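Here is the structure we will look at.
Throughout, read-outs are computed from the coordinates displayed, never taken from laboratory work. Treat the numbers as computed from the prediction; the structure is a model and nothing was measured. Here the Cβ is made from the backbone with ideal geometry for all residues, glycine too, and neighbour counts use every protein chain on show.
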């Protein structure tokens, strides 16, 4: 049985995550307030950030940057794409 939550991104009831996807308080907030669909959107955005900025997620500075962007993406003003980013055309 899926868990329903009021998603902060979608603004409506949606299927919640199965577990906290990130450690600590931020992970718990995401588990409580972010839907599976919104989490998938973050993963796509995070991949774009990693590729565009050539981040190495094993590096502490990169992890801190991604954590900050994740918090902005879900609970702040949003995380923007780099100015130079050109979305792929279908």
Helix 60-75 versus the longest principal axis of the chain: what angle, 0 to 90°, nearest 10, using Cα atoms? 50
Separation in nanometres of the label points that stand 7 Å from Cα toward Cβ, at residue 43 and residue 18: 1.1
What ranking do 30-41, 15-26 get when scored by the average of other Cβ atoms within 10 Å per residue, highest first? 30-41, 15-26
How much length, in nm to one decimal, is gained on full extension between residue 68 and residue 2, taken as 0.36 nm per residue of separation minus their Cα-Cα distance? 20.9 nm
CD proxy, 222 nm, the chain: helix-only mean residue ellipticity via -39,500 (n - 2.57) per DSSP H run with n ≥ 4, per residue, nearest 500, stands at -16000 deg cm²/dmol
If the chain between residue 75 and residue 89 were fully stretched, how many nm would it gain, using 0.36 nm times the residue separation less the Cα-Cα distance? 2.1 nm
0 to 90° range, to nearest 10: angle between helix 24-33 axis and the chain longest Cα axis: 60
Each label sits 7 Å from Cα toward the beta-carbon; between residue 28 and residue 53 the label points are separated, in nm, by 2.6
Kindly express, to the nearest 10 degrees and within the range 0 to 90, the angle between helix 36-53's C-alpha long axis and the longest C-alpha principal axis of the chain. 10
Please compute the contact order of the chain in relative form: average sequence separation of alpha-carbon pairs under 8 Å and at least six residues apart, divided by the residue count, as a percent. 21
